[in-house]
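Report on the structure given below.
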């Protein structure tokens, strides 16, 4: 099967081997000598929406490099890309990137329609390192989200596919996503001491309105300020192609008064994002940057889908829900101070350091009114879940360029460390309104012990040029020390034989890459990289005893996950006309952590036969695939771009090999664009082609989505230098389809499962429109 799919993909690439539209605006930042802009170059004119050179990125090598100078597959989503796509949300940001998925969390447990993490090359969740300006974001847990980033204030999103632990440390097991925010230099010019822009957009999918106002000022020579504020308001998404009744995939056993299985519960979301940056350059080669950011999002849900009878784990109706109002509040602070210094000495070219403090939390509360069966008593329940992670981060990095034995070397080296405090609190208050009594339960949900995590790493990478720069060899190594120290509170339930204990690990990760220029624009590269991922506090210390229904027991003996990844690729550079890249990869994971693995309850003093689950290591996971991207500028008016990905995989545990379900099947994204430079007009038709998924273990109980072809039409008109108007029609032909990440979704289960987690809510949006307008001043 691997051969036939690869043959299909290669044939398609040959047919479309018009290297793609590049997506590269320069996102690097360096002090400049002429004083035109502190902190780096302003972004290129965003009206040029059909770029034709390979993207520039910083994240992949911790240095400014173009895609063609990187031994690996790197993507850049620019600000103009973000605005043109219409939906400025994390879930929609990556939809034109084959091989990357952002699943939607939607169930009775999590009705807030948050993103479930970013999946790269078949692995996601906490295995993808998600950064904002190089700073960490909180980890995902079972009963909460990782959706804590607002995309409206970013100027670029950089994506490194494959393990990047040597440069970015633990958590960069499957890849890195770095959201890079705007700087004053992105708005100011040498001639203007102040500038600003305003952006307004609307999407009919969820009736969302997004307003962003940004201003920058040169307060004094070498001193610049940026402030930006984004407000977002939205309701629940409309799934016009979801079904109920006989045409649905499965029945909807909900009460008549409840929200049916083809609609989300009524939802109201409002968010605010403030970004402030003060940049001071006392000289042309020295820069200080103070960044403050505050993001908050509140979502109110009337969870009418649960109205009516509620059954326990044995199928016996125990209550009738009369109303259920829920609220989720997301909050992320960030304060960082950093310096960039370019001393231009013989052995030190650049020195940067950064200190960051970033508390982040997600709190869920609710009020549920229910009538007990058979007593008829009325109860009022107040569930509260509070999940927090507070980060203290410090890192210092240096760059030194000099010759050794006649060969140019560029060393990137540094140390970074962090302390993370993780806290989980679950409180359930139940008022019996009939009897006038109150009961308080603690440590429910998916409770785990609080913990402190210490990271202390050192790394070095060298870029060595041979044969006049035709061959570049890139070795690197990182030494990583990690300590997770549990701090259970008085409500933590200790499982006999699995008491929480401190976990310490030291690991060395290696990388070796090479880029060979073959001439006439052709080059090839190879890369070997290792990754390392410590278990999370929840994976190690989760402990729930819900006898007689089930129990979740901790596994303090979990081993860290690791990966060896191999990648080879070929590229063709057509200069200003375009570029093309194709690569294959194979990632071999050891000790892959799997959730909710059945285990013998008697080991922990629990009754025999009790459904007892834990986290455990799977022996091996092997994922392989092929990726391609590129585009071509036919003339000054017409261009095309595309990207393709296909993945496959298998897992082995206790000598038994089976399909790895999270590998993403073949997906092709192709666009054709038209630019009318005289009138400032751009139109782009984007087609997304996804093959059906065959990777399910049992088609009678697991959903296998079919293939689809969906087309979007995007347009932009630059009315003048100050005003730009955007519009888009998504899913033009109103195709009913399911995204590939729904493979394995449970179907034909119990009535409770069908009611609380219906597959119809996973259908993708039908036809909808987006509009936007931007003003520069």
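The values are calculated or read from the model by the stated rules, or taken from the named source; none is laboratory data. What you are looking at is a predicted structure, and each value in this text was computed from that prediction instead of being measured. Don't worry about glycine lacking a Cβ; one is built from the backbone with ideal geometry, like all the others, and counts go over all protein chains shown.
Taking residue 681, is it within 30 Å of residue 199 (Cβ to Cβ) and in contact with a helix residue (DSSP H, G or I) (Cβ under 6 Å, 6 or more places away or on another chain)?
Answer is no for this residue.
Just name the residue that is farthest from the chain's Cα centre (by Cα) out of those in segment 666-693 that are buried (at least 21 other Cβ atoms within 10 Å of the Cβ) and outside any strand (DSSP E or B).
Out of the qualifying residues, it is 693.
Could you please find all residues in segment 501-528 being on the phi > 0 side of the Ramachandran plot and either touching a helix residue (DSSP H, G or I) at 6+ places or on another chain (Cβ under 6 Å) or surrounded by 19 or more Cβ atoms within 10 Å (Cβ to Cβ) (or both)?
If the condition is that a residue be on the phi > 0 side of the Ramachandran plot and either touching a helix residue (DSSP H, G or I) at 6+ places or on another chain (Cβ under 6 Å) or surrounded by 19 or more Cβ atoms within 10 Å (Cβ to Cβ) (or both), then no residue fits.
Within segment 168-204, track down each residue that is surrounded by fewer than 20 Cβ atoms within 10 Å (Cβ to Cβ) and in a loop (DSSP other than H, G, I, E, B).
189, 190, 191, 192, 193, 204 - these are the residues of segment 168-204 that are surrounded by fewer than 20 Cβ atoms within 10 Å (Cβ to Cβ) and in a loop (DSSP other than H, G, I, E, B).
Considering every residue within segment 335-342, establish whether at least one is at pLDDT 95 or above, in a strand (DSSP E or B), buried (at least 18 other Cβ atoms within 10 Å of the Cβ) and touching a helix residue (DSSP H, G or I) at 6+ places or on another chain (Cβ under 7 Å).
No, segment 335-342 contains no residue that is at pLDDT 95 or above, in a strand (DSSP E or B), buried (at least 18 other Cβ atoms within 10 Å of the Cβ) and touching a helix residue (DSSP H, G or I) at 6+ places or on another chain (Cβ under 7 Å).
Working only within segment 761-777, note down all residues that are within 26 Å of residue 664 (Cα to Cα), outside any strand (DSSP E or B) and either under 23 Å from the mean Cα position of the chain (by Cα) or modelled with pLDDT under 95 (or both).
761, 762, 764, 765
Give me the pairs, please: first residue somewhere in segment 305-325 and at positive phi and surrounded by 12 or more Cβ atoms within 10 Å (Cβ to Cβ), second residue anywhere and modelled with pLDDT under 90 and outside any helix (DSSP H, G or I), beta-carbon distance under 9 Å, and either six or more positions apart or on two chains.
Nothing qualifies.
What strands (runs of 3 or more DSSP E) completely inside segment 473-588 contain at least 3 residues that are touching a strand residue (DSSP E or B) at 6+ places or on another chain (Cβ under 7 Å), modelled with pLDDT of 95 or more and under 21 Å from residue 162 (Cα atoms)?
503-519, 522-533, 561-573
Every residue, every condition in (1) more than 12 Å from the chain's Cα centre (by Cα); (2) part of a strand (DSSP E or B); (3) buried (at least 21 other Cβ atoms within 10 Å of the Cβ), yes or no:
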residue	(1), (2), (3)
81	yes, no, no
98	yes, no, yes
126	no, no, yes
130	no, yes, yes
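Scan segment 247-295 residue by residue and report those that are in a loop (DSSP other than H, G, I, E, B) and under 32 Å from the mean Cα position of the chain (by Cα).
248, 249, 250, 252, 259, 260, 261, 262, 263, 264, 265, 266
From the residues in segment 100-112 that are outside any strand (DSSP E or B) and surrounded by 23 or more Cβ atoms within 10 Å (Cβ to Cβ), which one is farthest from the chain's Cα centre (by Cα)?
Among those that are outside any strand (DSSP E or B) and surrounded by 23 or more Cβ atoms within 10 Å (Cβ to Cβ), it is 111.
Taking segment 205-234, which residues are surrounded by 16 or more Cβ atoms within 10 Å (Cβ to Cβ) and assigned to a loop (DSSP other than H, G, I, E, B)?
205, 206, 222
Filter segment 58-88 down to the residues that are touching a helix residue (DSSP H, G or I) at 6+ places or on another chain (Cβ under 9 Å) and modelled with pLDDT under 80, then identify the one that is nearest to residue 761 (Cα to Cα).
Per the stated criteria, the residue is 87.
Please verify whether residue 601 is farther than 28 Å from residue 75 by Cβ, out of contact with any strand residue (DSSP E or B) (no Cβ under 7 Å at 6 or more places or on another chain) and either at pLDDT below 90 or surrounded by fewer than 22 Cβ atoms within 10 Å (Cβ to Cβ) (or both), treating the condition exactly as stated.
No.
Results for (1) closer than 27 Å to residue 339 by Cα; (2) crowded, with 16+ Cβ neighbours inside 10 Å, shown as yes or no for each residue.
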residue	(1), (2)
375	no, no
386	no, yes
399	yes, yes
403	yes, no
412	yes, yes
418	yes, yes
432	no, no
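In this structure, does residue 721 turn out to be at pLDDT below 95 and either crowded, with 20+ Cβ neighbours inside 10 Å or part of a helix (DSSP H, G or I) (or both)?
no
Could you list all residues from segment 724-757 that are within 24 Å of the chain's Cα centre (by Cα) and either within 23 Å of residue 704 (Cβ to Cβ) or surrounded by fewer than 20 Cβ atoms within 10 Å (Cβ to Cβ) (or both)?
Once the filter is applied, which keeps residues that are within 24 Å of the chain's Cα centre (by Cα) and either within 23 Å of residue 704 (Cβ to Cβ) or surrounded by fewer than 20 Cβ atoms within 10 Å (Cβ to Cβ) (or both), segment 724-757 yields 731, 737, 738, 739, 740, 741, 742, 743, 744, 745, 746, 757.
Out of (1) outside any loop (DSSP other than H, G, I, E, B); (2) closer than 20 Å to residue 82 by Cα, the odd one out for residue 709 is which?
(2)
Collect the residues in segment 574-588 that are surrounded by 23 or more Cβ atoms within 10 Å (Cβ to Cβ) and in contact with a helix residue (DSSP H, G or I) (Cβ under 9 Å, 6 or more places away or on another chain), keeping them in residue-number order.
Answer for segment 574-588, where residues must be surrounded by 23 or more Cβ atoms within 10 Å (Cβ to Cβ) and in contact with a helix residue (DSSP H, G or I) (Cβ under 9 Å, 6 or more places away or on another chain): 579, 580, 581.
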